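First the structure, in the form of structure tokens, and then the observations on it.
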Amino acid sequence: MSFVLNEDEQMLRDSARAFLAESAPVTALRALRDEKSPTGFSSELWSSFAEMGWSGVLVSEDHGGVDMGYAAAGLVLEEMGRTLASSPFLSTSVLAATAFNLAGTDAQKSKWLPRIAAGETVIAIALDERARHNPDHIETRAKKDGNGFVLSGKKRFVNEGAGADLLIVVARMDDDQIGLFMVDPKANGVSREDRRTVDSHVPADFTFDDVKLDGDAFLSGADDSDAAYRRLLDAGRACQAAESLGVAEQAFDDTIAYISEREQFGVPISSFQGLQHRAAHLLGELELARSLVRRALTTLDTQPSQAPLWCVAAKAKATQVSRLAAAEGIQMHGGVGMTDEYDIGLYYKRAQAAGEFLGDDAFNAGEVARMSGY
Amino acid sequence: MSLENFRKETKDWLEANCPQGMRQPIKSEADICWGGRNWTFASEDQKVWLERMAERGWTLPTWPKEYGGGGLSKEEAFVLKEEMKAINARSPLDSFGIWMLGPALLKYGTHEQKLEFLPPIARGEIRWCQGYSEPGAGSDLVSLRTKGVLEGDHYTVNGQKVWTSYADKSDWIFALVRTEADAPKYNGISFLLIDMDQPGVTTKPIKLISGKSPFCETFFDDAKALVKNRVGEAGQGWEIAKYLLSHERAGIVSEAAFGGLNPVTAAHQSGEVDADGKMSDPILRGDVARLTIDGLAFDATMRRVKEEADHGEGVGARASLLKYMGTELNKRRNELNMSALGYDGLLWEGEKESDGEVARSWLRSRANSIEGGTSEINLNIVAKRVLNLPGA
Ligand SMILES: Cc1cc2nc3c(=O)[nH]c(=O)nc-3n(C[C@H](O)[C@H](O)[C@H](O)COP(=O)(O)OP(=O)(O)OC[C@H]3O[C@@H](n4cnc5c(N)ncnc54)[C@H](O)[C@@H]3O)c2cc1C
């Protein structure tokens with residue numbers, strides 16, 4: 001386990017930063033918003049993720065990926081956070097790839113992992129059913145029906161739901177265990193309602209009305225399907241935290257740049273101690289978040305059994321710090337911080353939305369307490 | 001020797017030489033061995049442990065052997081630390097000589113000064129205190145006025161220091177003294193080593209809110225400091241002082257991060273838990289969870305900074321950031337301990353020797369963000385030297 005990036009990781013981060021600054025700057029998100037993009041992301045950008053070799057970051061070489069692990073995935077997400085890049089990377093290349101890795105059969109892996117690596121598919125994870133993330137509250141049912149299943153239930157705010165060509169639905173089975181099920185969003189009995197959110201993403205609600213599934217829709221490769229589900233959530237949390245960290249870092253950098261250039265009382269406002277102390281405190285919070293995110297990601301790669309606590313802690317901290325960084329950023333920008341013209345408001349919005357997914361700081365702090373036995 | 005062999009030998013040696021009484025967590029101040037001429041050992045075990053470790057140079061594992069250290073590589077020192085931790089071994093010696101003066105002497109001292117002063121630090125024979133702050137010079141330390149006049153082979157020193165921790169128990173003091181009256185204020189200070197066993201040096205304890213008197217006013221009335229005991233050049237004192245402060249900050253941080261009571265244990269002690277052992281107040285539990293998260297984050301950050309330092313990215317002004325974050329965290333931990341203990345935390349004096357310990361620790365923790373540069377001063381430093389914001 002190492003905190004310092006190795007050479008490969010540095011190269012990955014540098015190329016991600018350069019590429020995203022060029023191909024997915026904040027203006028790209030503005031364009032998606034202003035054009036009312038139906039999916040909330042650009043398919044062109046998604047294809048180029050494959051060309052960069054990122055889509056298969058968690059896919060083995062046998063299946064056409066680069067198998068670089070969660071630490072690498074986190075670096076890409078952190079850079080995405082910096083430019084607010086909207087892409088199915090987290091849902092498809094991280095969550096769906098992890099789901100197949102943990103719970104897929106050989107046949108399912110051989111079919112889907114190469115497509116993920118090639119950037120040929122967008123896969124969304126249909127998980128939450130309530131207003132707040134609650135991984136235990138799963139009422140969607142997959143009832144055994146002959147060789148297959150019948151799926152019924154409702155899912156809310158499925159990320160990339162509007163643009164997905166495959167869903168992985170979290171459902172309870174007859175023995176009350178959690179299972180992961182592949183569902184074609186165009187199948188009979190599936191209805192979709194798109195929800196435009198404050199951060200200009202387009203998640204969707206899904207209703208499953210006695211949807212008939214083949215037996216091989218079930219990801220049946222895991223010995224313990226419930227445990228695989230928990231590990232999927234943890235991996236997702238660490239990776240979502242990495243994006244939030246990037247959001248926080250750029251919000252902070254933008255703010256420092258602004259206060260260094262804006263003058264009042266004849267001097268740069270950055271010379272005022274009231275702002276300096278807030279900035280220095282934020283830097284401290286950023287350092288803490290950065291350490292936890294890195295720790296969670298590298299632990300997922302090297303000692304997965306130790307990872308859960310680090311993942312929830314990282315998710316809690318990154319959520320809190322990204323929201324704080326953007327909120328402080330608006331305050332330190334003064335009036336222009338409230339305008340659409342400046343980016344800081346977009347960071348504030350994304351920090352809120354990214355923080356909600358897989359549990360905010362309050363939820364994950366509760367998990368920390370539970371895992372720590374108090 | 002390979003690291004694996006070193007580990008094995010170290011383990012065997014510790015097993016054979018660390019007295020049982022030194023294999024328990026530190027329970028109170030008296031369990032910490034500070035050393036010095038006037039030191040009375042809390043137990044025979046404490047004495048034996050210090051002697052054995054000092055003989056190997058392991059009170060200061062990475063210092064050169066000729067100066068009383070162990071001559072270990074960083075990796076070996078880490079192994080030693082791990083193996084000590086594995087058997088719960090206490091640190092054999094803690095002192096300002098180790099944390100502060102030692103590193104400064106290693107960097108700025110002459111070979112003769114190192115030979116004279118470092119081995120007694122390593123063996124715990126001489127106890128040092130730090131004479132920086134004055135009544136008129138706290139955060140604005142550079143305005144200090146204690147004066148030294150060169151007279152032949154010595155300086156005659158006059159003035160007053162304050163908040164001198166453990167001055168009444170110390171043998172020598174490293175002091176900042178204005179020796180160059182005409183130089184600009186940053187260039188007029190020298191770093192002098194002064195023997196306190198002389199009529200010109202007196203100390204007067206100050207009582208604190210924790211009920212203890214760990215620090216003093218220190219008075220110099222025609223005190224003598226030999227010129228050969230000046231570290232660095234005349235007027236170089238401020239540079240040395242700043243170097244030393246960064247070590248002091250690192251020391252305070254590792255102290256702050258160092259265990260002690262935590263609010264979960266406190267809640268069990270006060271009975272504020274449900275039948276299944278969960279903290280019964282949900283809001284307090286939430287606050288404790290956030291503390292746990294920041295504690296994990298802080299530990300991870302310390303490791304990261306160490307790793308980065310090994311890769312040549314110096315800690316530098318980031319020590320100020322860690323000092324600020326670490327000490328604020330420690331204050332929070334103490335506050336939550338008190339909340340979890342409720343009325344029980346208020347106990348001050350009673351039959352048991354341990355009465356008041358938690359409250360004392362809580363009160364002591366308030367000083368963490370004052371000593372070694374206040375939180376505000378450290379934030380100033382971060383703003384200026386890490387973020388490069390314009391100076392006031
Ligand atoms: C437990 C303890 C042990 C100590 N041990 C020693 C020791 O061994 N040797 C030694 O020499 N000293 C020691 N000190 C002294 C310590 O270094 C000083 O107390 C500290 O530097 C602050 O100085 P001051 O007390 O004069 O406070 P002041 O400087 O008067 O500060 C008062 C308040 O004003 C704030 N303030 C001051 N300047 C600024 C600024 N520029 N910007 C914003 N806010 C500012 C401070 O942050 C603080 O909140 C110790 C102190 C404590 C509490």
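Points worth noting:
- For residue B:236, nonlocal amide neighbours, meaning residues 5 or more places apart or on other chains whose placed amide H falls under 5 Å from its own, are B:191.
- Each other residue within a Cβ distance under 12 Å of residue A:187 adds +1 if Lys or Arg and -1 if Asp or Glu, for a net charge of -2.
- The chymotrypsin sites (Phe, Trp or Tyr not before Pro) found in the stretch A:212-318 that occupy coil by DSSP, while having at most 11 further C-beta atoms within 10 Å, are A:265.
- In a simple Cβ point-charge model (Lys, Arg +1; Asp, Glu -1; nothing else charged), the protein assembly as shown has a dipole of about 1300 debye relative to its Cα centre.
- With at most 12 neighbouring Cβ atoms within 10 Å, loop trypsin sites (Lys or Arg not before Pro) (DSSP) excluded, longest segment of chain B: B:28-206
- Inter-chain neighbour count for B:303-309: the average number of beta-carbon atoms from partner chains within 10 Å of each residue's beta-carbon is 3.
- Whole-Å distance, taken between Cα centres, linking the stretch A:4-38 and the stretch A:274-318: 21 Å
- Prolate/oblate/rounded label for the stretch A:7-121 (Cα gyration tensor, a/c 1.5): oblate
- Residue with peak Gaussian network fluctuation, chain A [Cα springs, cutoff 10 Å], from A:320, A:177, A:250: A:177
- Computed over the stretch B:3-94, the percent of Cα pairs more than 16 Å apart is 53.
- Peptide-level mean, for B:283-294, of C-beta atoms on other protein chains within 10 Å: 6
- Euclidean distance of C-alpha centroids, the stretch B:77-102 and the stretch A:89-128, integer Å: 49 Å
- Long-range amide H partners of residue A:145 with built H, under 5 Å: A:150
- Loop-located trypsin sites (Lys or Arg not before Pro) in the stretch A:149-219 (DSSP state other than H, G, I, E, B) with a sparse environment of at most 13 neighbouring Cβ atoms within 10 Å: A:186.
- Gaussian network model of chain B, springs between alpha carbon atoms under 10 Å - residue of B:271, B:68, B:326 with greatest fluctuation: B:271
- Centre separation in Å (Cα based) which lies between the stretch B:6-64 and the stretch B:349-387: 27 Å
- Amide H contacts under 5 Å for residue A:221, placed H, 5+ residues apart: A:104, A:105
- Longest exposed-site-free window of chain B, the sites being chymotrypsin sites (Phe, Trp or Tyr not before Pro) in a DSSP loop that have at most 11 other C-beta atoms within 10 Å: B:1-257
- Value of relative contact order over chain A, rounded to a whole percent, pairs C-alpha under 8 Å and six or more apart: 17 percent
- Computed helical MRE - 222 nm, chain A, DSSP H runs ≥ 4 contributing -39500 (n - 2.57), nearest 500: -16500 deg cm²/dmol
- Net charge contributed by nearby residues that have their C-beta within less than 15 Å of residue B:122 (K/R +1, D/E -1): -1
- For the stretch B:332-380, applying the loop criterion from DSSP together with a ceiling of 12 other beta carbons within 10 Å to the GluC sites (Glu not before Pro) yields B:349, B:351, B:353.
Coordinate-derived values only; no laboratory data. It should be emphasised that the depicted structure is a prediction, and the values quoted were computed from it without experimental measurement. Methodologically, a virtual Cβ is constructed for each residue, glycine included, from the backbone with ideal geometry; neighbour enumeration extends over all protein chains shown.
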